Amino acid sequence: MNARSIINKIDYLRAEVRVLDLDIIGITESWADEMIANEELLLEGYELFRCDRPLGIKGGGVLLYIRGCLNASLCELKNDHPEQVWCKLKYNGRDELLIGVCYRTPSENVYGSSAHRQIRELIDAISSKKFLLMGDFNYRGIDWTLNSLEGSASLESRLFLECVTKKYVCQHVNFPTTEKSVHDLILTSDPELVCDVQDPGAFYTSDHKLLCFNLDIVKDMERSSSVRYDYKRMDIKGAQEKLKSFNWEEELSGSVEEDWERLKQILFNIQNKYVPTCKQSRRNKKSWLSYKAMKVGQAGPTASQGCRAEITKRL
C-alpha cells in the first residue's frame, strides 16, 4: 500500500491487517523519520523492517512487516537507491526468497534524476535471484497488460520497461492503482510466484489502491503442487483478438534479437492471461511405469532385458 503517512493511520492499519490476515505487508510513503520510534509502528506478531527518508525532508519512506513465525532476517543489497528495504526469507530448509519494498519519488528535487538509473541497477542486481519486490515506482504511460508504451510515456518509462523486459522480470499488476495510472507494482523473478492480485479499495485517505495477492512458495516438498497450463481450456478467441490488436510493424521494428525478445514477452503475457492453470499434486503424481517395471529395474543389471521389455510394452 501507499499510505501517504502511516503515523496517524496506524490504528486503521492494524484493523486492516486483522481483517485481511496478512503474512507480509509492504508500505510506501510511510512519512516516518528518525523521530518516530519503532514502538509507534509495531504490529503485534510481526517483525518490522524500515527505511526512512532523511530527517528534514518530508514524505517518502518504506516499511516492511513480516509475520514473526516466518523468521525473516534483514538483507542489505549493494545498491544506492535511497528508499528501499529488504529481508531474506528461508523456506524448505534451503531455499531463499528476497522480499523488498521500494519507493521512487516523482520529484527530482529530492534526490535528483539519478533515482531512475538506481532503480534499473537494482532490478539488474536482483534479476538472478528469487525475489518479490513491491513498490510505488511512479512510471506513467506503460500498458502492463501488453508490456507496451502509451503515447504519454516518457523516456524514463521506456527505459524502465526495457529493463524489466530484458531481465525477464514479471510484473503482476495490470489495473490502475491511482485514478488513471499503474504506479504501484509487484515485481517477481517467477510468473508463478504471485497470483490472485486483487484491489480491496483505497487505504483510508490515501489516493492509492491497496494491492492484495497470494505469494506461492513451497513449504513442504512432499505436499507441494506444481502449476501447469491447461491449454484444453484456453480462451482461443480472446487470444486471437489480442494478437489482432497489435500493430506488428511498430512492435517489431528493432533488431532481430530485440524483436525476438519482444515477441516472446507478448506471447508469454497472452499465455498468462488466456490460458488457465491447474495444479497437480507431486505426492500423488503417478508414474508412467508400472510397479512391475520399477521392481524389475531395481533388481540390477541381470534383469535389464526384462525391464526394457516392460517399458517397451508400456510405451
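The values are calculated or read from the model by the stated rules, or taken from the named source; none is laboratory data. In this text the structure is predicted, and so the values were computed from the model without any measurement. So basically every Cβ, Gly included, is an ideal-geometry build from the backbone, and we count neighbours across all protein chains shown.
Do you know which of the residues in segment 20-39 that are outside any strand (DSSP E or B) and under 20 Å from the mean Cα position of the chain (by Cα) is surrounded by the fewest Cβ atoms within 10 Å (Cβ to Cβ)?
In the first step, residues of segment 20-39 are kept if they are outside any strand (DSSP E or B); the result is 20-23, 29-39.
Within this subset, residues satisfying the condition of being under 20 Å from the mean Cα position of the chain (by Cα) are 20-23, 29.
Working: Leu20: 12, Asp21: 7, Leu22: 15, Asp23: 14, Glu29: 23.
Taking the candidates together, the pick is Asp21.
Can you pull out every residue in segment 196-209 that is of a type outside the set (Lys, Arg), surrounded by 14 or more Cβ atoms within 10 Å (Cβ to Cβ) and touching a strand residue (DSSP E or B) at 6+ places or on another chain (Cβ under 7 Å)?
Of the residues in segment 196-209, the ones of a type outside the set (Lys, Arg) are 196-208.
In the following step, the residues that additionally are surrounded by 14 or more Cβ atoms within 10 Å (Cβ to Cβ) were identified as 197, 202-204, 206, 208.
Result: Val197, Ala202, Ser206, His208.
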Note to self: Just to check your reading of the model, which residue among Phe203, Phe213 is in the same structural domain as Gly135 (by TED's automatic domain parsing) and at pLDDT below 90?
What the structure shows: Phe203
Note to self: Exactly one condition in (1) free of Cβ contacts under 8 Å to residues at least 12 places away in the same chain; (2) in contact with a strand residue (DSSP E or B) (Cβ under 9 Å, 6 or more places away or on another chain); (3) over 24 Å from Arg117 (Cα atoms) is false for Asp143; which is it?
What the structure shows: (3)
Next item on the list: Answer yes or no as to whether Asp52 is surrounded by fewer than 21 Cβ atoms within 10 Å (Cβ to Cβ), touching a Gly at 6+ places or on another chain (Cβ under 9 Å) and free of Cβ contacts under 8 Å to residues at least 60 places away in the same chain.
Entry: yes
Next item on the list: Give the number of residues within segment 60-70 that are surrounded by 13 or more Cβ atoms within 10 Å (Cβ to Cβ) and either at pLDDT below 95 or not in a loop (DSSP other than H, G, I, E, B) (or both).
Entry: 7
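Restricting to segment 6-53, count the residues that are at positive phi, out of contact with any strand residue (DSSP E or B) (no Cβ under 7 Å at 6 or more places or on another chain) and modelled with pLDDT of 95 or more. Before the answer, list the steps.
Restricting attention to segment 6-53, the residues satisfying the condition of being at positive phi are 21, 29, 31, 45.
When the remaining residues are screened for being out of contact with any strand residue (DSSP E or B) (no Cβ under 7 Å at 6 or more places or on another chain), the result is 21, 31.
With modelled with pLDDT of 95 or more added as a condition, the list becomes 31.
Within segment 6-53, residues that are at positive phi, out of contact with any strand residue (DSSP E or B) (no Cβ under 7 Å at 6 or more places or on another chain) and modelled with pLDDT of 95 or more number 1.
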Note to self: Quick test of your reading of the structure: Val110 fulfils all but one of (1) in a helix (DSSP H, G or I); (2) surrounded by fewer than 14 Cβ atoms within 10 Å (Cβ to Cβ). Name the failing condition by number.
What the structure shows: (2)
